[in-house]
């Protein structure tokens, strides 16, 4: 058998596919171009969106001592990544 050992894909690699599909590229076209299964790309997209939703549903401490007027750095970074990937 000449099968290559299955390599683990990084989170950034998977996120790139998720953002491309959210941006309008078809999973089928990405699958052909990068030799990745359509089902796998759709799974990564779903996991990405579920993770974003879970992150947005996190309740933050709204006490007076904490300044909640500024966005958290991680959220600002996610916004930048999502908008940078948009067509």
For region 9-57, averaging the sequence separation of alpha carbon pairs under 8 Å that lie six or more residues apart and dividing by its residue count, the contact order in percent is 42 percent
Cα-Cα pairs in region 9-57 separated by more than 12 Å, as a whole percent of all pairs, come to 60 percent
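Values quoted throughout were computed directly from the atomic coordinates according to the rules given, and no laboratory measurement underlies them. These numbers were taken from a predicted model, which means no experiment stands behind them.
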